[in-house]
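Quick note: the coordinates plus some simple rules give every number you see, no bench work behind them. All values derive from a computational prediction rather than experimental measurement. Heads up, the Cβs are rebuilt from the backbone with ideal geometry, glycines too, and the neighbour counts pull from every protein chain shown.
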Amino acid sequence: MAVRSTWFDRDLPALEAVVTIFEEEGGQGVVTVRQIAERTGMDPQQVFSALLAMKDVYVGLRQVMAGGDPNPQMVTRVAPLARIATGQWPSPESFADRLVKALETASEEAADGSEKTRLRRAYEALSGMGRDVLVSVVSAAASGALGHH
């Protein structure tokens, strides 16, 4: 019997709500199960299950005793992976894809013949090198592995 995936229908919507609420509040404080449930329309128990599944990888979770609140769990932080998973920060793959697409669009929209030619060559070079190679280069550049000039 296969394990049912919960990423798209439970975990990701909860994570998107957490990241959004943190951003709205300037990254300060905590986000409660109740806030996430209200934002997503999910049952608080579903939200809690999602948070437990994502604990330590995507979110920091803390349980506090709050006067009568049946859901005293609070998200105390979001990890960088949470920001990548929700699209707030680009992954090397999404950045590489966007770079190739931007060059393609720019080459199609360029009015000047020589500029159009240079942009088209750049697009063809990047798209022709293979996505894995481009992703490796983008990752190295983002991590500083290529050095600073």
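The table for this structure:
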item	result
Beta bridge orientation in the chain: antiparallel %, DSSP, nearest 5	90 percent
CD proxy at 222 nm, helix term only [per DSSP H run n ≥ 4: -39500 (n - 2.57); per residue of the chain; nearest 500]	-18000 deg cm²/dmol
Volume in Å³ per residue [convex hull over Cα atoms, computed for the range 1-62]	88 Å³
Label-to-label distance, nm, for residues given as Gln28 and Ser49 (7 Å Cα→Cβ offset)	3.6 nm
Ratio Rg/Rh [Cα only; Rh per Kirkwood] for the chain	1.15
Loop-located GluC sites (Glu not before Pro) in the range 20-120, at most 15 other Cβ atoms within 10 Å (DSSP)	Glu25
Of every Cα-Cα pair in the range 92-143, the percent that sits beyond 18 Å	32 percent
Paramagnetic reach from Ala141 in the range 87-113 [backbone N under 13 Å; point 7 Å along Cα→Cβ]	92-103
Total formal charge among the other residues, if their Cβ is under 15 angstrom from that of Lys101, Lys/Arg +1 and Asp/Glu -1	-3
Net charge of neighbours whose Cβ lies under 12 Å from the Cβ of Ala82, counting Lys and Arg as +1 and Asp and Glu as -1	-1
Rel. contact order, % - alpha carbon contacts under 8 angstrom, at least six apart, the chain	17 percent
